[in-house]
Each structure stands twice: as structure tokens, then as C-alpha cells.
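Everything on this sheet refers to the single structure shown next.
The values are calculated or read from the model by the stated rules, or taken from the named source; none is laboratory data. If you're wondering where the values come from, they're calculated on a predicted model, not measured in any experiment. All Cβ positions, even for glycine, are placed from backbone atoms using ideal geometry, and neighbour counts span all protein chains on display.
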Amino acid sequence: MKLNVCTISFRHQLISFKKIALWAKNNDFKGIELWGVHAANMVDDLECDFSWLKSQNLNVSMISDYLALEGDHQEAVEKAESLSRLCHYWGASKLRTFAGSKASEKITKQQRQDWVKRLKSLCNVVQNFGLYLIVETHPNSLADSLESTLQLIDEVNHPALRINFDVIHVWESGADPIRAVNTLSPFIEHLHLKNIAHRSLLNVFNPDNVYAPAGSREGMVNLFEGEYDFPKFLDALKNSRGSLWKSLDASLEWFGPSVIPTLEHDKQQLIMHGYSNKNFISKNDHSLISAV
């Protein structure tokens, strides 16, 4: 499992990308998940480009942004093309988005058909650039439950569509993340790892709150200190008889204060508990994880 740091964690701090990258290198992170606006705004920074990252043994694993499934179709296509070009510039193979902005249970049949059609069109765009379009498991989207996510994969039916498996949001939906990751494993290209002090505080991760500088951070805790049992989840991956997880990208996603100390602590905890690359099975073995 190759651990990444998210530049979105530093969205409210005055710190350069170069400093973030050097810190990531010194703490043995393997890659960077680059927020779309950061990716765009650094294109003219010749000092910290793809070649420089490569010289630091780092890569941009994924660019994360949001492609609209409603509104003007051409605008969505043009944004997908722009972000795909940014992926090429940074050497990323994945473009992350959400599958809409409403709960799957609250949209009409026609809305779902329209969103699926748009998503398939966007998959065509990123495929033309040789990329994957990564849909995140997230509340208020067509990937807000295991059932709806599986339905979405079947409806879009496109080789460029893949899943960013956010463990906490899958757990939030009421599904067992271990069984869900087992079911979705052929489509998963990325993991998001974060935790919460108590299930009742999960609303703290709502986008409107998370992105607001004055938003609440109540309940955001270190990875192994929250209500969800991450050691159990990671043990299921580490001890599986065969899976694709050895070379899978995973991002430590942190939205709270004290970014560097928090991420350093979580990284060390992952090492201490034995969740390092050598403990994961080769990506060439695609058998499913044993449900526990």
C-alpha cells in the first residue's frame, strides 16, 4: 500500500508545495494527491514540476476535483478535458470526482439516467487521455451506498470508471467496509483513510463544512483513535490470501488542525502496526479479500 498525502489538508495554511513535497519525502510518503485548484495554479512553477517530483522519488497519484453531472454538458466536458491535461502534466493516471450531489434515494429515475449518461460521457473524455475517472464513495451521491455504487458501475459500464473507496463514508452508509471492499475490489484504484470520534459527528465531513475556514472540526481524530476499527480493516487487507493491495494507492485524508503532526503520527502508527508495503499481496493476484 503506497501512502499519499493530500494537498487539500494544507488548504488553509500558508505553505509552499515544495515544502509539502519535501516533508512528504522525508516522512516516506510515496505520492501526493493533488487538489485540482492546486494542480492548475502550479503549472507555471518550473521549479516544482513533474520532473522535480520524480527526482524526489515522489509522484502525483491522483488529481481530485468535481465534475458536474447537471447543468451545461459542454462546460462539464471542457472541465474534464482541462483536468485530464493537468493529469498528464503531473503524471497522474487518475482523476477523482463525485457521482452527483444528491442522495441516491432522493433522485428520480430520469435524473439518475441523465447523471449516468453524463458520467459515461466524462469517462469517454478521460479515456481519450489514457486516464481513469475515479468516483468516490460519498454521501449524497450515486455512490452513497454499496447497492447504488454497484448499480452505478453496471449502468455506466465503462472501462475508465473506477472507485475511490473512502472507508469511513462506506461505514457511514451502514455497510461493512470489509465486505464492501471485497465486493468492489475489481474496481477500486484508491483508498481514503480517515476516522471520526463518534458516528454522530460524521456531518463534520460535509463539504460545505470541511472547506469553510471557520467550519467545525469536532470529532476529527487520528486514524487509530476513532470509532471505526481501522486495525481490523487493515488486518483484513494485510492477511488476505490474495488481492491487489500491495501497489494500491491510499491517502491519509486530514481536514483538521495540526496537519503535519497529525499525519506524521498516523504514518508512524501505520508503520508500527506493520501496515507497510511488504505486508500486502501482489497486485497481479486479483482474488478477493476474505470477509471477516
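Below are the figures for this structure:
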item: Criterion: modelled with pLDDT under 95 and surrounded by 14 or more Cβ atoms within 10 Å (Cβ to Cβ) - qualifying residue of D49, D45; result: D49
item: Qualifying residue in region 51-61 (condition: out of contact with any helix residue (DSSP H, G or I) (no Cβ under 9 Å at 6 or more places or on another chain), farther than 30 Å from H273 by Cα and not basic (K, R)); result: yes
item: Some residue of region 185-195 being hydrophobic (A, V, I, L, M, F, W, C) and surrounded by 22 or more Cβ atoms within 10 Å (Cβ to Cβ); result: yes
item: Flag if L131 is hydrophobic (A, V, I, L, M, F, W, C), buried (at least 16 other Cβ atoms within 10 Å of the Cβ) and free of Cβ contacts under 8 Å to residues at least 40 places away in the same chain; result: no
item: Region 107-125 residues that are within 14 Å of T149 (Cα to Cα) and modelled with pLDDT of 95 or more, paired with ones that are surrounded by 16 or more Cβ atoms within 10 Å (Cβ to Cβ) and of a type in the set (V, I, T) (beta carbon under 6 Å, 6 or more apart); result: V116/V156; L119/V156
item: Candidate set from region 134-159 (those that are among the hydrophobic types (A, V, I, L, M, F, W, C) and touching a helix residue (DSSP H, G or I) at 6+ places or on another chain (Cβ under 8 Å)); member that is surrounded by the most Cβ atoms within 10 Å (Cβ to Cβ); result: A143
item: Index of the failed condition, A197 passing every other in (1) at pLDDT below 95; (2) more than 18 Å from the chain's Cα centre (by Cα); result: (1)
item: Close pairs from region 47-60: first within 17 Å of N4 (Cα to Cα), partner of a type in the set (D, E, K, R) and part of a helix (DSSP H, G or I), Cβ under 7 Å, at least 6 apart; result: Q56/K25; N57/K25; L58/K25
item: Selection from region 23-60 of residues that are outside any strand (DSSP E or B), of a type outside the set (S, T, N, Q) and under 30 Å from F233 (Cα atoms); result: W23, A24, K25, D28, F29, K30, G36, L58
item: Selection within region 256-286 - surrounded by 16 or more Cβ atoms within 10 Å (Cβ to Cβ), part of a loop (DSSP other than H, G, I, E, B) and either among the small types (G, A, S) or modelled with pLDDT under 75 (or both); result: G256, F280, I281
item: Filter result (more than 13 Å from K30 (Cα to Cα) and at pLDDT 95 or above) within region 238-255; result: E253, W254, F255
item: Considering residues of region 8-22 that are touching a residue at least 40 places away in the same chain (Cβ under 8 Å) and outside any helix (DSSP H, G or I) only, the residue farthest from F255 (Cα to Cα); result: Q13
item: Breaking point among (1) at pLDDT below 90; (2) on the phi < 0 side of the Ramachandran plot; (3) of a type in the set (G, A, S), for G226; result: (1)
item: Residues that are in contact (Cβ under 8 Å) with a residue 40 or more places away in the chain and either of a type in the set (S, T, Y) or not in a loop (DSSP other than H, G, I, E, B) (or both), drawn from region 70-81; result: H73, A76, V77, A80, E81
